[in-house]
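Undergrad: Before I ask anything, let me first share the structure, which is written out below as structure tokens.
The values are calculated or read from the model by the stated rules, or taken from the named source; none is laboratory data. Please read these numbers as outputs of a predicted model, since none were measured by experiment. Heads up, the Cβs are rebuilt from the backbone with ideal geometry, glycines too, and the neighbour counts pull from every protein chain shown. Quick note on the areas: whole protein, heavy atoms, side chains included, nothing else; ligands and nucleic acids left out. Shrake-Rupley method; radii C 1.70, N 1.55, O 1.52, S 1.80 Å.
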Amino acid sequence: MRNIFLSVFILVSSLFSSQTVEPKKALHVLTSFTIVADWVRAIGGDCVVVDSIVGFDEDPHVFTPTPATIKKLMASDIVFFNGLGLEGWWPRLLKASKYPGLVVMLAEKMQIHLHPHGNSCSCGHHDPHDPHLWHTVPNARKYVKAITNALVNKLPQYAMDFHARERAYLQKLDSLEDYILRKIAEVPQHKRVVITAHDAFSYLAHWLHLTIKAPSGLSTDSEPSSKDVAALVDLIRKDNIRALFLENMTNPRIMKQLARETHVEIVGELCSDALSQKYAPTYLAMMRHNIDVMVKAMKKNG
């Protein structure tokens, strides 16, 4: 009889305890573009609900906020921007909305050298504040750490969860880095030339010792000059470049013009400032896709 009473007491106690455990409260997070959104989901897990202001295959340089954007912003607890001029529209958005939540400018949280050197500049466009930091794995690690720290500060009760997912994701980045370095080693140094739509890959070029040229500068909000286009035509012919790339979020007009003038084929599409629902829905997939198509094309160069 005593054992029966004890069993009933334990059952009732466990039911009562399960009912009084406070459910996990999800943090509503807004990011400026899809690459950061992917990292926040990876680290936040079920502790976050994530939305992105600029969507898949869309250009964060030329985005124009709408009343719907302000509604998204005001419904969020924390918002992540890249900074360094990528989102030239964000000061107007915050001023118009009077957003009271936490704003994290990720580039300001990271100890990153902002003056990449080498053969990475495009046709005279030089800017020490290149915002496209995410195109190297070492920089991606710094983004992930900055995002983790912000989430821990906002929800310290889930710090162990955030740090566990951070460690797991950093391991995936280690594997990604190994893959990229193995792939690029397949290409002789003199063949490592890529022509793409805008100057988004300077950090990648510096990291992997590539020459990456583009008709447009760091932002897509202005047209390249005829001099810039002519310089690229000369380079393509001189170095016997055999492949041109579009980008998933830029207007293809200039690249098609280059293809016509040089009789060089457009061989594929790179993800620069946005993930792609078609072939690169995550950062890890984006980096693998970009290096795979670049390596395949560079092997054909003269």
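Undergrad: For the condition under 16 Å from the mean Cα position of the chain (by Cα), among the charged types (D, E, K, R) and surrounded by fewer than 20 Cβ atoms within 10 Å (Cβ to Cβ), what is the one hit in 288, 260?
TA: Working: 260 fails: under 16 Å from the mean Cα position of the chain (by Cα).
Going through 288, 260 in turn, just one is under 16 Å from the mean Cα position of the chain (by Cα), among the charged types (D, E, K, R) and surrounded by fewer than 20 Cβ atoms within 10 Å (Cβ to Cβ): 288.
Undergrad: Return yes when residue 153 is part of a helix (DSSP H, G or I), over 17 Å from the mean Cα position of the chain (by Cα) and modelled with pLDDT of 95 or more and no when it is not.
TA: Against the criterion (part of a helix (DSSP H, G or I), over 17 Å from the mean Cα position of the chain (by Cα) and modelled with pLDDT of 95 or more), residue 153 qualifies.
Undergrad: Quick one: count up the residues across segment 195-208 that are modelled with pLDDT of 90 or more and either among the hydrophobic types (A, V, I, L, M, F, W, C) or under 17 Å from residue 241 (Cβ atoms) (or both).
TA: Count: 6.
Undergrad: Does any residue of segment 115-135 turn out to be at pLDDT 95 or above and surrounded by fewer than 16 Cβ atoms within 10 Å (Cβ to Cβ)?
TA: Checking segment 115-135: not a single residue is at pLDDT 95 or above and surrounded by fewer than 16 Cβ atoms within 10 Å (Cβ to Cβ).
Undergrad: While we're here: Looking at 11, 94, 6, which one is open to solvent by 10 Å² or more (accessible area, probe 1.4 Å) and either within 23 Å of the chain's Cα centre (by Cα) or at pLDDT 95 or above (or both)?
TA: 94
Undergrad: Output the residues belonging to segment 30-72 that are among the basic types (Lys, Arg) and in contact with a strand residue (DSSP E or B) (Cβ under 8 Å, 6 or more places away or on another chain).
TA: Across segment 30-72, the qualifying residues are 41, 72.
Undergrad: Give me a count of the residues in segment 69-90 that are farther than 18 Å from residue 148 by Cβ and acidic (Asp, Glu).
TA: Going through segment 69-90 one residue at a time, the tally reaches 1.
Undergrad: So if I check each of 237, 192, 141, which one is at pLDDT 85 or above and buried (at least 18 other Cβ atoms within 10 Å of the Cβ)?
TA: 192
Undergrad: Name the helices (runs of 4 or more DSSP H) wholly within segment 196-302 that hold at least 1 residues that are under 23 Å from residue 59 (Cα atoms) and among the acidic types (Asp, Glu)? Break it down stepwise before answering.
TA: Numbers: elements: 202-208, 226-238, 253-262, 283-298.
In segment 196-302, 226-238, 283-298 are the helices (runs of 4 or more DSSP H) which contain 1 or more residues that are under 23 Å from residue 59 (Cα atoms) and among the acidic types (Asp, Glu).
Undergrad: Kindly list, by first and then second residue, each pair from a residue in segment 40-62 that is at positive phi to a residue that is open to solvent by 70 Å² or more (accessible area, probe 1.4 Å) and at pLDDT below 95, limited to pairs with Cβ atoms under 8 Å and residues at least 6 apart or on different chains.
TA: Partner pairs satisfying both residue conditions: 57/277; 57/278.
Undergrad: Follow-up question, since we're still on this one. Inspect all residues belonging to segment 65-79 and state whether any of them is open to solvent by 10 Å² or more (accessible area, probe 1.4 Å), closer than 24 Å to residue 167 by Cβ and without any contact (Cβ under 8 Å) to a residue 40 or more places away in the chain.
TA: Among the residues of segment 65-79, not one is open to solvent by 10 Å² or more (accessible area, probe 1.4 Å), closer than 24 Å to residue 167 by Cβ and without any contact (Cβ under 8 Å) to a residue 40 or more places away in the chain, which makes the answer no.
Undergrad: With the structure loaded, tell me whether residue 24 is more than 30 Å from residue 228 (Cα to Cα) and either at pLDDT 95 or above or surrounded by 15 or more Cβ atoms within 10 Å (Cβ to Cβ) (or both) or whether it fails that test. Walk me through how you get there before you give the answer.
TA: Details: more than 30 Å from residue 228 (Cα to Cα): yes; either at pLDDT 95 or above or surrounded by 15 or more Cβ atoms within 10 Å (Cβ to Cβ) (or both): no.
No, not satisfied.
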